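So the structure is just underneath, and the comments pick up after that.
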Amino acid sequence: MKYRLFLVLAGFLLLASCEQGMDTLYEPYNGVYFTGEFERGVFIPTDSMTVSFGLRDASIRFDTVRIKVSFSGRQVDRATAFKVRVIEKSESHEEFRNDMVEGVHYLPLEEYYYFEPNTYETTMNLIIDRSNFSTNYQTAEEHSIILRLEESEDFVVGVEEGREIMINVNNYLKEPAWWDLRGYYGIEGKLGFYHPEKWKALIYVNEGFGDAAELGFPSNNTVYINNLISQAAALPNWWPKVDSETGDLIYWDRIETANAE
C-alpha cells in the first residue's frame, strides 16, 4: 500500500512506456485506474492520499483536489469517458470510511470525466468547500471521501487494486516534522512553541521552510537558518496575529489570551 501526503495538491505520474506495457493485459478493452506506480513491472496502487489546504488563503472558499487517472490499452483520436462515484466504505480496505457529505464538504461529482484524444492520463477535479472544514490545528479535524471507478461505454476497470482511492482532506496547518527535532540543523530551542502563524512567518521570510517533511536547506547552513528564524521573529507589522479560532494574540515568543485582563 502506498501513501502520499500533499500540502496543497498533488498527483502521481506514470511513464508512458509502463502504461503501454500493460496493453496486452487488457486487449481488446481499455482499462481505467487511479494512477499509481510501477516497480519492476509490478503495479503499486496509490490508494490513499492526504491533501491539506492550511497554507491557502483563508478567503478562498472552494478549492480543488486534483486526482490523476490513467488507462491501459490503445489511444484513440476522440475523447473517452469514464465514471467515478462516491462510496461509503471500501470493498478492499476495511479501515477506509467516507464521512464527507455532498453539498457540505464537496460539490457533486460530474456524471462523466474525460481523457483527451490520444492521451493515457487525465486529471479529475474534486471541488472542496473549505468553509465546512475547521482551521484549528489543535483539534486536527480531517474528513475523508472514497472514490470508486465504474465501467463506462469506453472503459472497463483496468487494475482492480487501482479502482478505489481515499482522499483525506484538512484545512489546518499541522506542526511540521522538523519543528521540534532535537539538534536538527542546529535550530533546537530557537523555534519555541508551535503555532501556524509562526510557520507562516518563516515561509514569508524564506520558502525553504515550506515543506512540512523537511527543511529546504543544506544541513551545514546552521548560521543562515538561525538568521532567518530571527528575521521571522522580528518581522515588522506582522506581530501580533489574531488566532481565528480563539481570538488570542499570537506573538513569536508568547500567546496573550483573549480573556486576559
Built amide H within the under 5 Å cut-off of Glu37, gap 5+: Ile44, Thr46
Order by protection proxy (mean Cβ within 10 Å, highest first), peptides 232-242, 133-143: 133-143, 232-242
Overall form of segment 115-261 per C-alpha gyration tensor (a/c, 1.5; a/b vs b/c): prolate
Cα gyration tensor, segment 184-256 - rounded (a/c under 1.5), prolate or oblate: prolate
Label point distance in nm, Arg78-Arg61, each placed 7 Å from Cα along Cα→Cβ: 3.9 nm
Reachable lysines from Lys190, criterion Cα separation under 30 angstrom, eight or more residues apart if same chain: Lys174, Lys198, Lys200, Lys241
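All of the numbers you see were taken from the coordinates with simple rules; none came from a lab. Keep in mind it's a predicted model, so treat the numbers as computed, not measured. A quick note on method: Cβ atoms are made from the backbone with ideal geometry, for glycine too, and the neighbour counts reach across all protein chains shown.
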